[in-house]
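See structure below.
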Amino acid sequence: MTTQALQDSILFQTGYLVNGIWKTLDTTFDVLNPATGEVVAKVAKAGKAETEEAIAAATKAFPAWRAKTAKERSTILYRWYELIIENKSWLGRLMTTEQGKPLKEAEGEVDYAASFIQWFAEQAKRANGEIIPPVKPGSRILATSEPVGVVAAITVSFTPFP
């Protein structure tokens, strides 16, 4: 698949996503194909202001997420997993283009990443509680699991180049 074919997909986004809206920035950085040096994309160079915008949007959206049942949250996460798997071939080709990985390895990485979403979708249904033995006669201690707030995850990606 050519770089142009990758770019022509609706999946190809170079901005940043906040509150369901793709946004762009004037400041970008180049993503290069390590095999050819070709610019695959110019990606928004999000910084502190964009991070704060995303946190504010997530905080505002949180009460609606918290109000969903465990099954509803699980269904949403599972649909995300399904979309990743449905688009594994395209995602693998994109990773191969931007990182120089063999296609099978890239597709394996997509499967591996999707497995985390699948696991959390399954766990979302298990918002169980427990009864903890009390220390005072006639009392009962109940512990429940529930969404408590916005979380951020920053992960590294390392693909060595010659």
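The values are calculated or read from the model by the stated rules, or taken from the named source; none is laboratory data. Note that the structure is predicted; figures quoted are calculated from it, not measured. Neighbour counts are summed over all protein chains in view; Cβ atoms, including those assigned to glycine, are modelled from backbone coordinates with ideal geometry.
General remarks:
- Flag if A54 is closer than 28 Å to S145 by Cβ, part of a helix (DSSP H, G or I), hydrophobic (A, V, I, L, M, F, W, C) and in the same structural domain as G20 (by TED's automatic domain parsing): yes
- Residue in the range 82-96 that is closer than 30 Å to D26 by Cβ and either assigned by TED's automatic domain parsing to the domain that holds Q13 or not in a helix (DSSP H, G or I) (or both) present: yes
- Checklist (1) at pLDDT 95 or above; (2) in a strand (DSSP E or B); (3) not small (G, A, S) applied to V40, failing item: (1)
- The one condition from (1) surrounded by 10 or more Cβ atoms within 10 Å (Cβ to Cβ); (2) over 14 Å from the mean Cα position of the chain (by Cα) that V135 does not meet is (1).
- Lone unmet requirement of (1) within 16 Å of Q123 (Cα to Cα); (2) of a type in the set (F, W, Y); (3) surrounded by 14 or more Cβ atoms within 10 Å (Cβ to Cβ); (4) out of contact with any helix residue (DSSP H, G or I) (no Cβ under 6 Å at 6 or more places or on another chain) for W65: (3)
- Figure legend. Inter-residue proximity from the range 125-144: first residues without any contact (Cβ under 8 Å) to a residue 12 or more places away in the chain, second residues assigned to a loop (DSSP other than H, G, I, E, B) and of a type in the set (S, T, N, Q), beta-carbon distance below 9 Å, spacing 6+ or different chains. No pairs are indicated.
- Exactly one residue out of E82, E107 is in contact with a Gly (Cβ under 8 Å, 6 or more places away or on another chain) and modelled with pLDDT of 95 or more: that is E107.
- For F12: the one exception among (1) surrounded by fewer than 15 Cβ atoms within 10 Å (Cβ to Cβ); (2) in a helix (DSSP H, G or I); (3) touching a residue at least 24 places away in the same chain (Cβ under 8 Å): (2)
- Selection of first residues in the range 73-98 that are over 19 Å from K125 (Cβ atoms) and of second residues that are hydroxyl-bearing (S, T, Y) and part of a helix (DSSP H, G or I), restricted to Cβ pairs under 7 Å at least 6 apart or on distinct chains, gives the following pairs, ordered by first then second residue: T97/T3.
Here is a yes/no grid of residues against (1) under 18 Å from the mean Cα position of the chain (by Cα); (2) over 22 Å from T3 (Cα atoms); (3) not hydrophobic (A, V, I, L, M, F, W, C):
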| site | (1), (2), (3) |
| --- | --- |
| A58 | yes, yes, no |
| W65 | yes, yes, no |
| S74 | yes, yes, yes |
| E82 | yes, yes, yes |
| S89 | yes, no, yes |
| M95 | yes, no, no |
| G108 | yes, no, yes |
| I117 | yes, yes, no |
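- Meets criteria (outside any helix (DSSP H, G or I) and closer than 23 Å to D8 by Cα) for K136: no
- Checked against (1) at pLDDT 95 or above; (2) within 25 Å of Q118 (Cα to Cα), I10 passes all but a single condition, namely (1).
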